[in-house]
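Here is the structure we will look at, set down as structure tokens.
The values are calculated or read from the model by the stated rules, or taken from the named source; none is laboratory data. These figures come from a predicted structure and were not determined experimentally. Cβ sites come from the backbone with ideal geometry, for glycine too, and all protein chains shown count toward neighbours.
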Amino acid sequence: MKDCKCRIVVDAMGGDYAPLNVVLGAVAAVEENADIDVILIGQKDEIMKVLKENNKSFKEENIVNASEIIDMKDTPTSAIKEKRDSSISIGTKLVREGKAEAFVSAGNSGAVMAAATLIMGRLKGVSRPTIGATMPTEKGSVCTVYDVGASVDSKPNHLMEYALLGSIYSKEMLNISNPTVGLLSVGEEDSKGNELTFATSKLLKEAPINFYGNVEGRDIMKGTTDIVVCDGFVGNIVLKLAESFLGFLKTKIRNYADKGILNKLKALIVKYTLKDALSDIDYQSYGGVPLLGVNGICIIGHGSSSVLAIKNMIFKAKEMCDKELIHKFNQALEEYGKSK
């Protein structure tokens, strides 16, 4: 891994608490790592106001004005076409022009994916970019599911690309030397599934990856494989179900505590035990998720990202830059293309 001066464009207007959390997160990242060159993009007056009110300094030449804002209500593709002076449109354009290596945003995720795909462009050999969700497992490791909503109605070659890109990401960023790949299906047997899984299985068996075979939904958190690939429609349902689990637990504990003082004491103990035990799935610690398959580094964060989450999104982009992930994706795609 080479330690380089990485230029990271940060969408100052993206997220529920923008520009406050974004600006403070960017300042914190620069203060902790001098090799990070952050370019804040958004309404300059608002950015300067946050810096002044919080007594923070930031290089003014690294603040790029963008007069328009793409909010959560905007339709992704139309917003990119109609709001050309938005922080998302200008930020991805800076990466395309080689003026930055990465784009980070906690804004409208659909718009970020559309801009990264249409403006930054796809890597040669990639039909559809993908985003993955990293989930904890019983083994203490993680399992990353691709795709969790970048696109739906995936074809077998799309899932093959997800597996290839995901394998490289797991090896380089999660330090898994030879990541195993499972294909999400309704049974472990090759004879079970639908037309998509049958056709995908054939491709994965011949691909330069460590293919395990079919896995079921329960295998994700059991940690049966390091990676699970599936259609984005299915993957997004899996993700949303997993995200609802913590809220469900909190409600159950709260309802139990309401039944009496003894229950309240028991619930209090459980509350702090669960908080410690489940700390590894706090989104703030890993910041955001990368959009793999586009021609540049793109990190998409949660809309409610805190200052810590923004800082860690920037650190993730820096790590991907240092490890030359885009170059390694290109190499793998080129080799796979020649082997077909």
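Which pairs do you get when a residue that is farther than 15 Å from GLY296 by Cα, found in the stretch 314-340, comes within reach of a residue that is of a type in the set (Ser, Thr, Tyr), reach meaning Cβ atoms under 9 angstrom, with the pair 6+ apart or on two chains?
Cβ pairs passing all conditions: ALA332/SER167.
I'd like the full set of residues that are assigned to a helix (DSSP H, G or I) and either among the aromatic types (Phe, Trp, Tyr) or under 22 Å from ALA309 (Cβ atoms) (or both), limited to the stretch 77-108.
Correct list: SER87, ILE88, GLY91, THR92, VAL95.
Considering the stretch 13-30 alone, what residues qualify as being at pLDDT 95 or above, of a type outside the set (A, V, I, L, M, F, W, C) and more than 18 Å from the chain's Cα centre (by Cα)?
PRO19, ASN21
Wholly within the stretch 215-330, which helices (runs of 4 or more DSSP H) include no fewer than the required count, namely at least 2 residues that are under 23 Å from the mean Cα position of the chain (by Cα) and within 30 Å of ILE119 (Cβ to Cβ)? Lay out the reasoning, then the answer.
Working: elements: 218-222, 232-257, 261-277, 283-286, 307-322.
Counting at least 2 such residues, we get 232-257, 283-286, 307-322.
Report, by residue number, each residue of the stretch 1-42 that is crowded, with 21+ Cβ neighbours inside 10 Å, in a loop (DSSP other than H, G, I, E, B) and touching a residue at least 40 places away in the same chain (Cβ under 8 Å).
Of everything in the stretch 1-42, those that are crowded, with 21+ Cβ neighbours inside 10 Å, in a loop (DSSP other than H, G, I, E, B) and touching a residue at least 40 places away in the same chain (Cβ under 8 Å) turn out to be ALA12, MET13, GLY14, GLY15, ALA18.
Could you grab me the full set of residues in the stretch 65-76 that are under 20 Å from SER305 (Cα atoms), surrounded by fewer than 17 Cβ atoms within 10 Å (Cβ to Cβ) and without any contact (Cβ under 8 Å) to a residue 60 or more places away in the chain?
If the condition is that a residue be under 20 Å from SER305 (Cα atoms), surrounded by fewer than 17 Cβ atoms within 10 Å (Cβ to Cβ) and without any contact (Cβ under 8 Å) to a residue 60 or more places away in the chain, then ASP71, LYS73 are the ones that fit.
How many of the residues in the stretch 267-309 are polar (S, T, N, Q), more than 18 Å from ILE88 (Cα to Cα) and at pLDDT 90 or above? Lay out the reasoning, then the answer.
Our first condition is that a residue be polar (S, T, N, Q); within the stretch 267-309, this holds for 273, 279, 284-285, 295, 304-306.
Filter again for more than 18 Å from ILE88 (Cα to Cα), leaving 273, 279, 284-285, 306.
Checking which are at pLDDT 90 or above leaves us with 306.
Residues meeting the conditions: 1.
Give, as residue ranges, the strands (runs of 3 or more DSSP E) completely inside the stretch 109-210 that count at least 1 residues that are within 18 Å of the chain's Cα centre (by Cα), modelled with pLDDT under 95 and buried (at least 17 other Cβ atoms within 10 Å of the Cβ).
Working: elements: 130-136, 142-146, 180-184.
Once the strands (runs of 3 or more DSSP E) in the stretch 109-210 are filtered for at least 1 residues that are within 18 Å of the chain's Cα centre (by Cα), modelled with pLDDT under 95 and buried (at least 17 other Cβ atoms within 10 Å of the Cβ), what remains is 130-136, 142-146.
Any idea which of GLY140, GLY149, GLY217 is touching an Asp or Glu at 6+ places or on another chain (Cβ under 9 Å) and closer than 22 Å to VAL289 by Cα? Step through it out loud before you land on a result.
Details: GLY149 fails: touching an Asp or Glu at 6+ places or on another chain (Cβ under 9 Å); GLY217 fails: touching an Asp or Glu at 6+ places or on another chain (Cβ under 9 Å).
Step by step, each of GLY140, GLY149, GLY217 is checked, and only GLY140 is touching an Asp or Glu at 6+ places or on another chain (Cβ under 9 Å) and closer than 22 Å to VAL289 by Cα.
Tell me, yes or no, whether the stretch 64-76 has at least one residue that is under 24 Å from the mean Cα position of the chain (by Cα) and in a helix (DSSP H, G or I).
yes
Cβ contacts < 9 Å: first residue basic (Lys, Arg), restricted to the stretch 188-208; second residue in a loop (DSSP other than H, G, I, E, B), any location; separation 6+ or different chain. Result?
LYS192/SER185; LYS192/VAL186
Among ILE168, ILE209, which is the only one that is touching a strand residue (DSSP E or B) at 6+ places or on another chain (Cβ under 7 Å) and of a type in the set (A, V, I, L, M)? Please lay out each step first, then the result.
Numbers: ILE168 fails: touching a strand residue (DSSP E or B) at 6+ places or on another chain (Cβ under 7 Å).
Sole residue among the options that is touching a strand residue (DSSP E or B) at 6+ places or on another chain (Cβ under 7 Å) and of a type in the set (A, V, I, L, M): ILE209.
What number of residues within the stretch 81-113 are more than 26 Å from HIS327 (Cβ to Cβ) and either charged (D, E, K, R) or in contact with a Leu (Cβ under 7 Å, 6 or more places away or on another chain) (or both)?
Count: 5.
What tally of residues in the stretch 102-129 results from selecting those that are closer than 12 Å to ILE70 by Cα and among the β-branched types (Val, Ile, Thr)?
Qualifying residue count for the region: 1.
Would you pick out the residues in the stretch 172-206 that are within 22 Å of VAL148 (Cβ to Cβ) and in contact with a Phe, Trp or Tyr (Cβ under 7 Å, 6 or more places away or on another chain)?
THR180, VAL181, GLY182, LEU204
Being surrounded by 23 or more Cβ atoms within 10 Å (Cβ to Cβ) and touching a strand residue (DSSP E or B) at 6+ places or on another chain (Cβ under 7 Å), is that true of even one residue in the stretch 43-54?
Yes: the stretch 43-54 contains one or more residues that are surrounded by 23 or more Cβ atoms within 10 Å (Cβ to Cβ) and touching a strand residue (DSSP E or B) at 6+ places or on another chain (Cβ under 7 Å).
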